[in-house]
Amino acid sequence: MIGSAFEKPLERLRENGRRPSLFAASGWLLITLVLLATFLAYAGTLRFQFVYDDRGQILANVEVHAWRYLPHYFVERVWSFAYPNIPGNYYRPIFLLFLLINYKIFGPYAAGWHLVTVAAHVGVTYLVYLMVRRLTCDPVTALIAAVVFGVDPVHIESVAWISGVTDPLFALFLMPSFLCYLNWREGKPHRRGWLAGSLALYAFAMLSKETALVLPIIIFAYEWIWSDAPENAPWVQRVLARLRGGLIAVAPFVTLSLAYLAVRWQVLKGLGHVITPLSISTIILTWPGLLLFYFRHLVWPFNLSVFYDQPYVRTPGLLSFFLPLAGLLALTFLGWLLVRRLGKKSLLDQRVAVFACAWILVPFIPLLDLSVLPVGEIAHDRYLYLPSIGFSILLAMALRRIRFGRKKLFGAPALQVTVVTALVLTLGVATAVEDRYWANDVALYTRGVERTPHNKLARTNLGNALGEQGRYPEAIQFYRQVLEQDPHFWLAVYNMGYTFYRMGNLPEAERYFERAIAISGVDSDEYFYLGLTWMKMGRLNDAEDAVRHALQIQPGGLAYHFALGMILKLKGDIPGALAEFNKELKNFPGETGAEQQIEAIRTQLARTSAK
């Protein structure tokens, strides 16, 4: 339905002075090949495991395992199941629904999850084709843009990582929303239906990921660029006409955005929360280096990682601020030259090139508030998912200008086809090679340590992954390296304690758990495992206090009531233990450990009463 509604007829192409070549006339075959190439580039991920946040967000998250939690998605933030008392910035109910549906279909088997994630990216690739064809009236440019976008290695984090599907997911709603808006704008039949569809899809996009809030700005940019204001009118009138047209077009989208923000405010207790306190000057001084990082990865998407050492800039220095700023200014000038060159042929090309630049720049706006991002998390390739669409359009338009020589392949200049083929093969092979680092946690974090040897989170996570494999001495070595660099890095302190706990070294586990609590006492697990440590050491009263404290922080913590029940049972408080086991079973139906303990207590009570 989307294809038939959005594709332009050949008459439109002729009206714009473009004859459909054999390359363009075989559209369905060629777009199928583009989508197949996109799938093959990421097919290796079907063998990958759950990595990074997948374990906590999917496997350990009971709220995406059962339909009874569905209403919670719309009144709670992401990760509230694990950190109910810690402010968060993610309100994504459609994403949580996506996780629930997938868990019901695939359960804890990663291959199915990866298949759906790749399929989502393939779907977005098709939407890129539809949008670019609609904008340029040239199916060849659309095919080139789609295949470049589809196989681009910069999307590895969003496609090879299951939890990274938030970007393809919201794009699956945002792009059809924009296409529906175009149909509404052009006065297609059922005009009101197109607007309603656009708004509905926009709502789903916002509820998938908050980045979708940039759509009204993109629509405003489109209205400004494609304005019908007479060119011979005074410039003030032209500006006012463009402004009026843009504001009228975005009014329903802004209204819907305000409704979303009101709900978000209610759920999150604010539009967003400061995660990393930073001064305004530090944020602004950090922008040039960060933006240069993103543009560099758009142009050269190789040697990627999940971690990057992108530091905050607190004072303007030559290397930290002035050179990146000069680089940005140089890129701006080169971009201006490129747009002028691409727009020489026709007004349509000029408009598309400018709009592609807007599509690159606008999605960066939400990333400028660095205070809402954790330390070490301000630079990620997944943030380039939407900007890369604009970059793919510019690159496709530039490649279409290659018309040297008389030889033809598939109705297009042979050199053009050769260059496009070589580029696609290079990007596709790079994707297939570089995505292997996402195969498992050890590979992912080893890559992170190689690329960013001083990144505390990368080394801590590698220690965790090694610990999961029972390689405790190696894990401890990485934790010690982190703590030598930063003795107050809570995550390394806590995981050091957890590793000693798993090794059975209870005194060391106790020492590190208490140290972690002294650094930051907001995480329930540190109290929970300290309680288990004390239980094994025979300090039952202290153990009970610690586990009860964990329950105060996280009443629905997995195994929390069970652990408290075991402590009370050891203390001889059988009624109290039975009550805790029942609470565990209520929170987690089918939990066999609680069921066995309840049955054992009931059997014991029955024997006692029989005597």
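Loop exposure criterion: GluC sites (Glu not before Pro), DSSP state outside H, G, I, E and B, at most 11 other Cβ atoms within 10 Å. Applied to the chain, the longest stretch between such sites is 232-611.
The HN-Hα couplings worked out from phi for the range 483-498 by the Karplus form 6.51 cos²θ - 1.76 cosθ + 1.60 (θ = phi - 60°) are 6, 5, 6, 8, x, 9, 6, 4, 4, 5, 4, 4, 5, 4, x, 5 Hz, whole numbers, x standing for Gly and Pro.
May I ask for the distance between the Cα centers of the range 126-168 and the range 25-74, given as a whole number of Å? First find each Cα centre; the distance between them is then 16 Å. With a Förster radius of 25 Å applied to the beta-carbon distance between residue 280 and residue 375, the computed FRET efficiency rounds to 0.90. Computed log10 I(q)/I(0) for the chain at 0.05, 0.07 Å⁻¹: -0.27, -0.51, from the Debye equation with unit scatterers placed on every C-alpha and solvent omitted. When a/c reaches 1.5 or more, the comparison of a/b and b/c decides; with that in mind, is the range 80-132 rounded, prolate or oblate per its Cα gyration tensor? Verdict is oblate for the range 80-132. An oblate overall shape is assigned to the range 534-611, the ratio a/c of its alpha-carbon gyration tensor axes (a ≥ b ≥ c) being 1.5 or greater and a/b not exceeding b/c. Pairs of Cα atoms nearer than 8 Å and 6+ residues apart set the relative contact order; for the chain it is 14 percent. Here each label is just a point 7 Å from Cα along the line to Cβ, and for residue 267 and residue 309 those points are 3.8 nm apart.
Just going by the charge dipole of the range 534-611, with Lys and Arg at +1 and Asp and Glu at -1 on Cβ, which of 574, 605, 585 is farthest out on the positive end? Result: 605.
Rounded to the nearest 20 debye, the dipole magnitude of the chain is 2360 debye, with +1 charges on Lys and Arg beta carbons, -1 on Asp and Glu beta carbons, and the Cα centre as origin.
The relative contact order of the range 534-611 comes to 21 percent, based on Cα pairs under 8 Å that sit 6 or more residues apart. For residue 409, nonlocal amide neighbours, meaning residues 5 or more places apart or on other chains whose placed amide H falls under 5 Å from its own, are 414.
Under a model in which nothing but the beta-carbon of Lys, Arg (+1) and Asp, Glu (-1) is charged, the range 534-611 shows a dipole of about 260 debye around its Cα centre.
A short reminder: the numbers here are calculations on the coordinates, not readings from a lab. Keep in mind that what you see is a predicted model, and the values were worked out from it rather than measured. No Cβ is skipped: glycine too gets one built from the backbone with ideal geometry, and neighbour counts run over all protein chains shown.
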